[in-house]
Amino acid sequence: MPGPKDYTRSGFYITSLVIILLLCVSFIPSFRVGNVVVKRANILSDVVTFQDERLVPVSDMDLLDTSFLDDFKPVPVQEVVDATGVTGPEGIPGEDGTDAEGLSVPCVEGPGIVPITDYSPDEQMMARFYHALAYEADERTVRIAVLGDSFIEADIITADMREQLQMAYGGSGVGFVPFSTPLSKYRGTVTHNHEGWTDYNLIKRKSVPEEYKEWFFVSGMLSIPGENASAEYKGVQFRRRIEKTNTASLFFVNRKHTVLEVTVNGDERRNYAPDSGEQVQRIFIGRPDISELRINLSHTAGFIGYGAVLEDSVGVSVHNFSVRSNSGLALLGTDYRINREFDEYMNYDMVILQYGLNAMSADVTDYGYYQKQLVKIINYIKQCFPGSAVVVMSVGDRSTMQNGTAVTMPAVKAMLKTQERAAEECGVGFWNTYEAMGGDNSMPKFVERHWAAKDYTHIGYPGGKYIAEQFVKFINAAVENVREQDAEKARRAEQLRREEEKRRAATLLGRGTLLDDSLSDRLREVSGGAFSFGTADGKSDVEAVASDGAEEPIMGASGLGDDAGTEFSVPTADAGAVRNGSAAPGVRKEGMPFVSPDGNSNSQPVSAARVQGGEVPDAGGNAVSLAAGGETAAASSDVGRGTEESAEEGAETGLTDAAAE
């Protein structure tokens, strides 16, 4: 009787045949059947990459998941107008709030600097943000909202952006935190515990009950409480300046009669019963040392929760609004009214759009469809937050395997061009994250340093810190450059003001219009301190002298002539009567003692002296009256008071009130 048959060899043959068949299939390129794309089945993709895998011009429309958009109609961007009549940026006259000259536009260049390119028509959009940091952060809160996908999830990038900006411009607090989220345990910048809530995600809109679909904010999350639901926030030391803050705000819609019990730092308890309504409401709590906040809710029917904002009353506050798997299109499913009402409270100075990672695929080289959608997204955000500087933060580097080596996915550069073109079309800012990471093949370096995950797509906190440093480096340089430009503008304006005052003083002196007033006082007032006067050679001379010029006589001014023996002088540019703090004899420099022709000085002031019966000190310090024809007469020791006789003598020479305008 024969033994059992051995099928080992047959199994080997079958396995080998299957492998050979799969290898053959790997060489079949991708192709399209109607609207269906059949991709290459490459079992060696980890070691071998075929050229067509990177270059097949598959439209991104075939890959973008837009099914969640089917059940709503976004508000047409051009028709959005809120209840107060405030339209988007294009409909607000003088929206930038600047004068005709505008704010200083920074010019920052140099190695290691990745600039934010401002595509706004007058480059004033980003200039307003830099101006706010430079001059307003010590008086109010400058807020930045960062809207993104899983690339910034768990406060990655924004944690270090927040810390670095707060260290530079002040502020504290972690910013926005939802009442509840399934990702609360992954966020290192706040200890967040919650209980009794139901979360709804904008990306999973089809699973959201109808009564809540029209209540989404750009945070992308809704928190619906059950009875006795609670939320608790505690500051941490994961990053600097987020352990304590001095304000806390709770945002919600209270459609019925929910009561909120708020406990601050475990020892101060307050009860709030907000009015019923359809609008977004805020409970604001101010206290110098808020480190812990607990909220308990009762009578929760009709309550829609958004979250809490923990921030300082001054400085910088950065809010992270990340939604996993969002290509940006989900923002069109948020409610315009809700967004505008939030902005009425927050007044965001900058809104950053960090998307594209979930719209990118190795097979896609044509992103024309996504560009059109991105333009809609940007314009919608501009209308929801009309006072904000909008910045598109591009995708970073992302790798694919080619012959066993991780290299930059070709789709990355295609997406970069798409995002920048959309930013330029919409007139907003653009920042190149890819360049900031180091450009080509920078992701493998991040992975080697343990800055990014081994999926060669997502970064961790260390990688986020590096990117944040590059972003803040440019902002700091831009703010410093704006301050330098403004200081130079102020210096030039002051110089022009002084030159204009000198010109006016010289003109008034030439017309003899100052003779009815205290000459020194008026000259100092009109010329900004540049002019004064004194006597020379014992004659009754009145001279106007600039601190950096010589005297050039102007004779024959109203009522003046040789008979009067009175001469007016104005400064000239080629010589100076006063140099390096010294004065020529007979010339008075502002703030210096009178120097007589014999070189003696007299510290008595002459600011009250008058041509018409005025007095000046002589070389011996005695008061001498100015008389007609250059003669002098003894006067009282009260400088600046002329006798009636000297006044009459002055009148005879024509130095009268009529000589002044």
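General observations
- Of all the residues in region 432-444, those that are of a type outside the set (Val, Ile, Thr) and assigned to a helix (DSSP H, G or I) number 7.
- When residues of region 420-438 are limited to those that are out of contact with any Lys or Arg (no Cβ under 9 Å at 6 or more places or on another chain) and over 22 Å from Pro106 (Cβ atoms), the one surrounded by the most Cβ atoms within 10 Å (Cβ to Cβ): Arg421
- Candidates Glu469, Glu424, Glu435, Glu448, filtered to the one that is without any contact (Cβ under 8 Å) to a residue 40 or more places away in the chain and acidic (Asp, Glu): Glu448
- All positions within region 443-469 that are more than 20 Å from the chain's Cα centre (by Cα), under 26 Å from Met167 (Cβ atoms) and buried (at least 22 other Cβ atoms within 10 Å of the Cβ): Phe446, Ala452, Ile459, Gly463, Gly464
- Conditions (1) over 19 Å from Ala145 (Cβ atoms); (2) assigned to a strand (DSSP E or B); (3) among the aliphatic types (A, V, I, L, M); number of the one not met by Val236: (2)
- Within region 1-19, no residue that is under 20 Å from Ala41 (Cα atoms) sits with its Cβ atom under 7 Å from a residue that is modelled with pLDDT of 75 or more at 6+ positions apart or across chains.
- Filtering region 318-349 to residues that are of a type in the set (Asp, Glu), assigned to a helix (DSSP H, G or I) and touching a residue at least 40 places away in the same chain (Cβ under 8 Å) leaves Glu341, Asp343.
- Residues that are at pLDDT below 90 and either surrounded by fewer than 24 Cβ atoms within 10 Å (Cβ to Cβ) or in contact with a Gly (Cβ under 6 Å, 6 or more places away or on another chain) (or both), drawn from region 361-373: Ser361, Ala362, Asp363, Thr365, Asp366
- The strands (runs of 3 or more DSSP E) found entirely in region 368-431 that carry 3 or more residues being over 27 Å from Thr334 (Cβ atoms) are 399-402, 405-408.
- From the options Thr405, Thr400, residue that is polar (S, T, N, Q) and free of Cβ contacts under 8 Å to residues at least 60 places away in the same chain: Thr405
- Strands (runs of 3 or more DSSP E) lying entirely in region 243-299 (those with 2 or more residues that are surrounded by 14 or more Cβ atoms within 10 Å (Cβ to Cβ)): 245-254, 259-264, 281-290, 292-298
- Among residues of region 103-131 that are outside any loop (DSSP other than H, G, I, E, B), those with a Cβ under 7 angstrom from a residue that is among the aromatic types (Phe, Trp, Tyr), sequence gap 6+ or separate chain, pair up as Thr117/Phe430.
The values are calculated or read from the model by the stated rules, or taken from the named source; none is laboratory data. Just so it is clear, the model here is predicted, and its values are computed rather than measured. So basically every Cβ, Gly included, is an ideal-geometry build from the backbone, and we count neighbours across all protein chains shown.
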